[in-house]
1. In nm, to one decimal, how far is the modelled label at residue 66 from the one at residue 92, with both set 7 Å along Cα→Cβ?
2. Give the order of 65, 24 when sorted by the count of other beta carbons within 10 angstrom, beginning with the fewest.
3. Across the stretch 21-100, what fraction of all alpha-carbon pairs, as a whole percent, falls in each successive 5 Å bin from zero upward?
4. Please work out how much length the chain gains when fully extended from residue 33 to residue 47, using 0.36 nm per residue of separation minus the C-alpha to C-alpha distance, in nm with one decimal.
5. Within a 10 angstrom radius of the beta carbon, how do 84, 64, 73 rank from fewest other beta carbons to most?
6. List 86, 39, 21 from most exposed to least, where exposure is judged by having the fewest other Cβ atoms within 10 Å.
């Protein structure tokens, strides 16, 4: 696992992923710092290209981590939840994009 912080991810009981759902979360790191995570992106999709495009568009840093169950999670620095949600809705029109946070 690459620098994966288990405190920043909700448990399976809290997430309850369903088919065709992508979860976007905005989480407070420390002070005024935010972390936006994206979970449950389809395995057939090239997540690396998506991460590169979002980092360019949002002018932020980010990484892709793998949790203990093998799920790939995108982590991006900053409060970009709503912008990412809109972009994912364009890319995955058949998916339900859920946003958790303020």
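Where a number appears in this text, it was derived from the coordinates with a stated rule and is not lab data. As the structure is a prediction and not an experimental result, all values here were calculated from the model. Quick reminder, even Gly has a Cβ in these numbers, built from the backbone with ideal geometry, and neighbours come from all protein chains shown.
1. 1.9 nm
2. Placing the least packed residue first, the sequence is 65, 24.
3. 3, 15, 28, 29, 17, 6, 1, 0
4. Between residue 33 and residue 47, full extension yields an extra 2.6 nm.
5. Fewest to most other Cβ atoms nearby, the residues stand as 64, 73, 84.
6. 86, 21, 39
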